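Derivation of every value follows stated rules applied to the coordinates shown; laboratory data play no part. All values reported here derive from a predicted model rather than from experimental measurement. Please note: Cβ atoms are built from the backbone with ideal geometry, for glycine as well, and neighbour counts cover all protein chains shown.
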Amino acid sequence: MTTYKVLSDNMVWPQGTTISDSDLEGLNVQALVDGGHLKAENSKPTKDKE
Amino acid sequence: MAVSVLKNASVTINAVDLSSLVESVVLTFSIDQLEVTAMGMTGHRYDDGLQSNQCVVNLYQDFAASKTEATVYSLVGTTTTVIVKPDSGAVSATNPSYTLSNTYLAAHTPLGSSGRVGEMPMVQLTFTGGDLVKATS
C-alpha cells in the first residue's frame, strides 16, 4: 500500500495529512503528484501468504 | 421567493479545491434519448439510455504552485472526478453536491483561448462523460 502526504493547502484533505490509495479512488493520482499536491511516502511490498 | 444566486460556488477538480480561481461553471446532466418508435404508433416514443454529462469550467490561469496549471496540465487525456456545489458550505438539501466521476478531460488552454496581448488568460476545461451523482447529505 502506498501512502501520500498532502503538500498543498487547497486539497480536500488538510495540508500535512497522510492518505492512502483507498482515499484516492477515482482520482488521477499521477496528476496530483506531478502537480505537487501529493508526495508518495512509502511503498511496502505485500508478503505472500504461505 | 427563495431563488438561488451563485456567489460562492464550490468546484473541486481531482480533489483540489480551485473555487477561488473559477469564473464560471456549467454542469449539464443529460441522459441519451433512445428512440423506440415502432409501427402503429402515432407519435415518437423514447426511452432512456446512458448518462451523457458535461461540466464546463472557466478558470483564471495561475502558474503558481498548486494552482490552475499545476492541477490541470497532467489531467489532459485522462479521467478524474469533479465535484460542484452551489455554495462552499456543508452539503444539504438546499446545497446539494454533484459528483461527476470517471469524467474525461480532452483539452486545456494554458494561455487562454485567444492569446491576445494584454489579455488575462482564461483556462476553459470541458469534462465529458462520466457518472453524475447528486447528494443532499
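In this structure, B:Thr28 and B:Ala64 have a Cβ-Cβ separation that, at R0 = 35 Å, corresponds to a calculated FRET efficiency of about 0.70.
Relative to the Cα centre, the charge distribution of chain B, modelled as +1 at Lys and Arg Cβ and -1 at Asp and Glu Cβ, gives a dipole magnitude of about 200 debye. What the phi angles of segment B:89-99 give under the Karplus curve with 6.51, -1.76 and 1.60, with θ = phi - 60°, is a coupling list of x, 4, 5, 7, 4, 9, 9, x, 9, 10, 9 Hz, glycine and proline written as x.
How many angstrom lie between the Cα centre of segment B:97-111 and the Cα centre of segment B:5-38? Each part's Cα centre sits 9 Å from the other's. Could you check the simple spin-label distance between A:Ser22 and B:Met39, using points 7 Å along Cα→Cβ, in nm with one decimal? Modelled inter-label distance: 5.8 nm.
Candidates B:Thr71, B:Tyr46, B:Asn8 compared by Cα position along the dipole of segment B:2-81: farthest toward the positive end lies B:Asn8, with charges placed on Cβ. Between B:Tyr104 and B:Ala135, the FRET efficiency from the beta-carbon distance, with R0 = 25 Å, is close to 0.70.
Magnitude of the charge dipole for the protein assembly as shown, about its Cα centre and with charges confined to Cβ atoms of Lys, Arg (+1) and Asp, Glu (-1), is about 260 debye. Lysine pair count for the protein assembly as shown with Cα-Cα distance under 16 Å and sequence separation of 8 or more or different chains is 4. Sparse packing (at most 11 other Cβ atoms within 10 Å of the Cβ) combined with a DSSP loop state is found for the following chymotrypsin sites (Phe, Trp or Tyr not before Pro) in segment B:19-121: B:Phe63. By the Cα gyration tensor, segment B:6-137 has an equivalent ellipsoid whose semi-axes, rounded to whole angstrom, run 32, 19, 13 from largest to smallest. Approximating the spin labels as points 7 Å out from Cα along Cα→Cβ, the B:Thr78-to-A:Val33 distance works out to 0.9 nm. Per-residue mean of foreign Cβ neighbours for B:74-83 is 3 (Cβ atoms of other chains, 10 Å radius). Electrostatic tally near B:Gln54: other residues with Cβ closer than 14 Å to its Cβ, Lys and Arg +1, Asp and Glu -1, net -2.
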